[in-house]
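*Asks:* I'd like to ask you about the structure that follows.
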Amino acid sequence: MDPLSLASISLFDIARFRDTYTARSSIASRYIEARRDTLLTHFVDDIDSLKSLMDDTGAVISGSLALRLFLPEDAVQWPINDMDLYVPNSSCADVVTHFIRQGYQLSNQSPSSAPYAYGDMTQIETVITMINSGKKVDIIISKSSSSILPIFFFHSTIVMNYFNSNTFFAAYPELTKRKRGLINGIRFASGSLSDRSLSCLLKYTARGFKFARDLNSWETEDAADSHQCGEHFDCPQRLRTSVDRGCFTVKIGSSEDQRHEATRPVAWCLGGSPCNIDTVELPSLVFAVT
Ligand SMILES: [Zn+2]
């Protein structure tokens, strides 16, 4: 299989292809690494120093850029707008200094409590926007020492992905591969979705994603989707962890995987409406495992 045909399949399937056919593994590995680096060069000239920054601080890239890296290269038509870098709270100054050295300037800083920003239930302390000749990086400072905790508060499962210098992670690889997203029950904690969450869902709906609050919404479309409620990894009533078998974690590049304290495991349950009346309804929750 040549790199061109790899462009038509998701990272999830490329990783399986790599692991199944040892002789082809270097082709798939090089493709994954090159695609990741191409995305990074949209934002910085010195991608090695950005990777070192992520190694040192435990910062990770999430949002639409991580989703783009997961989906087949050929399937993503939307433009590359910005990079969302999630940063543990103690590394704020280091990360801002890094981007100033890379030619970026401070554009805006919003407290997470601002009505236009991310709302209360996000574990986000603040968002610092930096710009450089049309390039935009949002530095999202976690309220805690975990860089990845805010990711599990996102509006839906399609963006519960991240990558750093040596790893790509997806919490719901099977659903995301099929452009399906479950809405996070924790976003309904105040009774309704925020305007920001709604506008994100509408944006991704326009990009071909389908959203629901439980798996049954799709079962009428595909009988193979029927599931053991509360047991299936994609069921919103299942308690999950970021190291369980439902997650997809793939190594990128040749450097050793150095799990940073900032990416220690997270446990979560999407919660929300149960899939059927027999299901024991679990609350929506997210917490870092110490
Ligand atoms: Zn279920």
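*Asks:* May I ask you to order 60-70, 46-56 by the average number of other C-beta atoms within 10 Å around their residues, highest value first? Spell out each step's value before the answer.
*Replies:* Values: 60-70: 22.6, 46-56: 17.2.
Output ranking for 60-70, 46-56: 60-70, 46-56.
*Asks:* In whole Hz, what ³J(HN,Hα) sequence does the range 181-188 give by Karplus (6.51, -1.76, 1.60; θ = phi - 60°), x for Gly and Pro?
*Replies:* Values per residue, Gly and Pro as x: x, 8, 7, 6, x, 5, 6, 9 Hz.
*Asks:* Another one. Rounded to the nearest 500, what is the chain's calculated 222 nm mean residue ellipticity when only DSSP H runs of at least 4 contribute -39500 (n - 2.57) each, over all residues? Could the numbers behind the result be given before it?
*Replies:* Values: 9 runs with 80 residues, N = 290.
-7500 deg cm²/dmol, from helical runs alone.
*Asks:* Shifting gears a bit: Classify the chain from the C-alpha gyration tensor, please: rounded if a/c falls under 1.5, else prolate or oblate depending on whether a/b exceeds b/c. Don't jump to the answer; show the numbers that get you there.
*Replies:* Numbers: a/c = 1.62, a/b = 1.15, b/c = 1.42.
Oblate is the answer for the chain, as a/c is 1.5 or above yet b/c matches or exceeds a/b.
*Asks:* Going by average Cβ neighbours within 10 Å, how do the peptides 205-218, 156-169 rank, with the highest at the top?
*Replies:* 156-169, 205-218
*Asks:* Of Lys136/Lys203; Lys51/Lys210; Lys136/Lys177; Lys210/Lys251; Lys177/Lys210, which ones are farther than 22 Å apart at the Cα?
*Replies:* Those over the limit are Lys51/Lys210; Lys136/Lys177; Lys210/Lys251.
*Asks:* Applying 1/(1 + (r/R0)^6) with R0 = 30 Å to the Cβ-Cβ distance of Asn276 and Arg245, what FRET efficiency is obtained, to the nearest 0.05? Walk me through the numbers on the way to the answer.
*Replies:* Details: r = 23 Å, r/R0 = 0.78.
It comes out at approximately 0.80.
*Asks:* When averaged across all projection directions, what area in nm² does the alpha-carbon convex hull of the range 154-209 cover? Kindly include the intermediate steps, with their values, before the conclusion.
*Replies:* Details: hull surface 17.3 nm².
Averaging across all directions leaves 4.3 nm² for the Cα convex hull.
*Asks:* Antiparallel versus total DSSP beta bridges in the range 28-149: what percent is that, nearest 5? If you can, show how the numbers build up before the last one.
*Replies:* Working: 17 of 23 bridges.
Of all bridge pairs located within the range 28-149, approximately 75 percent are antiparallel.
Laboratory data are not the source of any read-out in this text; all were calculated from the coordinates shown. Owing to the predicted nature of the structure, the values given are computational and were not obtained by experimental measurement. FYI the Cβ positions are ideal-geometry reconstructions off the backbone, even for glycines, and counts take in every protein chain you see.
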